[in-house]
Amino acid sequence: MDKLSERFSSIAERLEGLPVIELLLLVGDEAKGCKQEVLDMLLTRDFDTIYPVLERSVRNNALADLRNGAMEVLVHFGRQSVPRLIELLHDKDEEVRNFSTVMLGDIASRDAVTPLIDALNDPDANVRHGAAEALGRIGDRSALLPLLKLLQEDFWQQYPALAAIREMRDNRAVPYLLPLVNDEMLGEPAIEALATIGDRRAVPSLVAVLTGASPARSAAAARALRGICCGDAGREMSGCSSHPLLASVNVVEKLRQLADAGDGATAEAARALLELSEGPPAASSTAGSLADDEPAAGTGLPDNEQVQAALAAFESGVPLEEVLQNARTSDASLEQAIIATLGRKGTCSVVEALLALLERGDLPRHVEFAIVHALATASPCGHVAVNGLMQCTDHPDPDMRRLTLHAVACLDTPAALPAIFRGVDDPHWSVRIEALKLLAGIGGDEAVGALLMALDDTDVLVRKNAVAGLGKLGSMKAVVPLVNLLCDKEIGRGAFDALLAFGETALPELHTQAKSGSLEVRERVIDLVGRQGAKTSLPVLRELANDSHPVIRLAVIHAFWNCHDSSVLSILSRMHDNDPDPDVRHAAMVIKAGLDGETER
């Protein structure tokens, strides 16, 4: 490590006096061997001072290394660069505008979403292409409808739009994607987008492609069907859910062909789908799991005899400190195994010995951590452990304070709760997050209150965890505060997911919120209402279908997609025929066609 530090210092000394342009050339040419050191050095400079050089370098078409170096530095400056890059979206040079979309996509700041949506109308096709890709990387849901409009353009715009829509994973896109699965050029990317979104309403269309399309699209459909039926379950078939259409003779025959002849991913998907429709293959009579019966060789785990010998020494009266000193090894695994085994014993004498050792304050970090972990399992004498662990809630190491909160929560004694509530105000963000996670698991009005207070925390990760905790607890007290955060650029998506987790219990309040407030908030609330697909929401949605704002009428149309109710077809027909807004008319046509297709099936 010292030699590495010396190398960095030596490089810094050699480069310190070089002009910014020469440093950018070193960043742009990785073969020079000092890219990271130079990048780190440039990031310590004042951004406003070096920006003019960075902009001139981005405009330099003669030296690719210079331009690439400048772009990388701008991306690494992150949100500091965003206002300047947004200005470049309006530059007269289309190449500069295109480079700006690329950098904004790499930074992925939601501050760039609206300017990038505007760039979808740029006169240059490359800029429109780059803006679509950047919006997909950022993933803000407000970009979905502009991206869906690009599906009506030429292939050069459709393809990046599909890639962006796939990244966004928004099921409002499904009815727009279903007509594309049979397209020779766009079929595969549309199928991939449907697989990523994971909406089971795409299954009938994908089954039709599986049995009747080109080999490439048929294989893509098999992979997509596996993704939709299994979701995040991956290889674990227990997490998969079949579909009646997978059991048809034609489908099974096609899946068998793909299982035997397809490429690796396609064959694996086909076998998984066959197992869903036909049941798992018969297990071999000799099959068994040796791993369940004996430990694997070479795992590096401590020898059980050593642990037992150390425990015998402790029980014979040898002080714990001496036992651990004698067991000390280069990788600390034996010490940790001894401490963990003592914790599982959980007797008061063991707990007292571990606490006495912990009170010394001069232990190696790994020993302190192991003791706290062990005390978390000492439930037979939990009250003693919790009282002793209170000393660690003020430990100078935030990792130790965080681990202590987790330990006292595991012991579940009355004394643990006040410590967890104090953790919400800890100076370190990681401890506050741990406290909020624990409170979300405990529940109760006080926990809800603490989580609501944490919505104003200075740290974005703490706020995100507070939002997630409120979604887990499902308290009606949190509905309006979460609705107010739906358009927050940092935690708006989390607030949406949290409200979605409430289920139908939040609908009465959401119905009220859908009728008042800003257009952006109302639009997102209507989307939430639609995602629940509840019949009780239909009267509200029918009323809002006559709203004066096309944004609201569009949101209602997409909500109808999730309601699975044929009564909305007449409303969609009226909107398609008579609405003054062309986007509303087009959306009504698409959603009605999708619902008509389901009715026919």
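Side notes on the structure shown:
- Of note, Val113 does not satisfy the criterion of being more than 22 Å from Leu486 (Cα to Cα) and either within 23 Å of the chain's Cα centre (by Cα) or open to solvent by less than 10 Å² (accessible area, probe 1.4 Å) (or both).
- Test result for Gly423, among the small types (Gly, Ala, Ser) and more than 24 Å from Cys381 (Cβ to Cβ): no
- Just one of the listed residues (Leu541, Leu554) is in contact (Cβ under 8 Å) with a residue 40 or more places away in the chain, out of contact with any Asp or Glu (no Cβ under 6 Å at 6 or more places or on another chain) and surrounded by 21 or more Cβ atoms within 10 Å (Cβ to Cβ), and it is Leu554.
- Of the listed requirements (1) open to solvent by less than 10 Å² (accessible area, probe 1.4 Å); (2) under 20 Å from Phe99 (Cα atoms); (3) of a type in the set (A, V, I, L, M, F, W, C), Ala163 misses just one: (1).
- Scanning segment 524-532 turns up at least one residue that is open to solvent by less than 20 Å² (accessible area, probe 1.4 Å), within 30 Å of Leu482 (Cβ to Cβ) and among the basic types (Lys, Arg).
- Of the helices (runs of 4 or more DSSP H) contained entirely in segment 333-399, those carrying at least 2 residues that are farther than 23 Å from Leu417 by Cβ fall at 333-345, 348-358, 365-375.
- Segment 407-450, residues that are closer than 23 Å to Ala340 by Cα, open to solvent by 10 Å² or more (accessible area, probe 1.4 Å) and not in a loop (DSSP other than H, G, I, E, B): Ala409, Cys410, Leu411, Glu434, Leu438
- Boolean, Ser316 is surrounded by fewer than 18 Cβ atoms within 10 Å (Cβ to Cβ), hydroxyl-bearing (Ser, Thr, Tyr), at pLDDT 80 or above and closer than 22 Å to Arg200 by Cα: no
- The listed residues are Ala195, Ala220, Ala202, and the only one of them that is crowded, with 17+ Cβ neighbours inside 10 Å and in contact with an Asp or Glu (Cβ under 6 Å, 6 or more places away or on another chain) turns out to be Ala220.
- Verdict on Ser570 being farther than 16 Å from Tyr176 by Cα and either in contact (Cβ under 8 Å) with a residue 12 or more places away in the chain or within 32 Å of the chain's Cα centre (by Cα) (or both): no
- For segment 319-332, filtered to residues that are outside any helix (DSSP H, G or I) and open to solvent by 40 Å² or more (accessible area, probe 1.4 Å), the residue that is modelled with the lowest pLDDT is Ser330.
- Asp577 vs. criteria open to solvent by 70 Å² or more (accessible area, probe 1.4 Å), modelled with pLDDT of 95 or more and over 25 Å from Val483 (Cα atoms): yes
- Considering (1) open to solvent by 10 Å² or more (accessible area, probe 1.4 Å); (2) on the phi < 0 side of the Ramachandran plot; (3) not basic (Lys, Arg), the lone condition that Ala108 does not fulfil carries the number (2).
- There is no residue in segment 120-133 that is open to solvent by 60 Å² or more (accessible area, probe 1.4 Å) and at pLDDT below 90.
- Filter pass, Arg172 being in contact (Cβ under 8 Å) with a residue 24 or more places away in the chain and open to solvent by 30 Å² or more (accessible area, probe 1.4 Å): no
- Count of residues meeting criterion [open to solvent by less than 70 Å² (accessible area, probe 1.4 Å) and in a helix (DSSP H, G or I)] in segment 580-601: 14
- Every condition in (1) under 22 Å from Ala374 (Cβ atoms); (2) open to solvent by 70 Å² or more (accessible area, probe 1.4 Å) is met by Thr458 except one, and the failing one is (1).
- Hey, Lys92 in contact with a helix residue (DSSP H, G or I) (Cβ under 6 Å, 6 or more places away or on another chain), open to solvent by 80 Å² or more (accessible area, probe 1.4 Å) and not aliphatic (A, V, I, L, M) or not: no
- Test: Leu246 is at pLDDT below 90, open to solvent by less than 30 Å² (accessible area, probe 1.4 Å) and farther than 30 Å from His558 by Cβ: no
- When every residue of segment 566-582 is checked against the conditions, none turns out to be among the aliphatic types (A, V, I, L, M) and closer than 23 Å to Ala501 by Cα.
- Residues that are part of a helix (DSSP H, G or I) and either at pLDDT 95 or above or in contact with a Leu (Cβ under 9 Å, 6 or more places away or on another chain) (or both) within segment 528-537 comprise Leu528, Val529, Gly530, Arg531, Gln532, Thr536, Ser537, listed in sequence order.
- Among the candidates Arg79, Arg56, residue that is within 30 Å of Leu144 (Cβ to Cβ) and surrounded by fewer than 19 Cβ atoms within 10 Å (Cβ to Cβ): Arg79
- Scanning segment 191-241 for residues that are modelled with pLDDT under 90, closer than 18 Å to Leu258 by Cβ and of a type in the set (D, E, K, R) yields a single hit, Arg235.
- Condition met for Asp140 (of a type in the set (Asp, Glu), within 26 Å of the chain's Cα centre (by Cα) and either over 23 Å from Ala195 (Cβ atoms) or open to solvent by 30 Å² or more (accessible area, probe 1.4 Å) (or both)): no
- Scan of segment 96-105 for residues that are surrounded by fewer than 23 Cβ atoms within 10 Å (Cβ to Cβ) and small (Gly, Ala, Ser), ordered by number: Gly105
- Restricting segment 464-522 to residues that are assigned to a loop (DSSP other than H, G, I, E, B) and at positive phi leaves a set whose member that is farthest from the chain's Cα centre (by Cα) is Gly517.
- Of all residues making up segment 145-158, the number that are at pLDDT below 90 and either of a type in the set (Phe, Trp, Tyr) or buried (at least 17 other Cβ atoms within 10 Å of the Cβ) (or both): 3
- Selection count where residues are surrounded by fewer than 17 Cβ atoms within 10 Å (Cβ to Cβ) and hydrophobic (A, V, I, L, M, F, W, C), scope segment 62-76: 3
The values are calculated or read from the model by the stated rules, or taken from the named source; none is laboratory data. As the structure is a computational prediction, the values presented were derived from the model and not from experiment. Neighbour counts run over all protein chains shown; Cβ positions are idealised from the backbone, glycine included. Heavy atoms of the whole protein, side chains included, go into the accessibility calculation; ligands, DNA and RNA do not. Shrake-Rupley method; radii C 1.70, N 1.55, O 1.52, S 1.80 Å.
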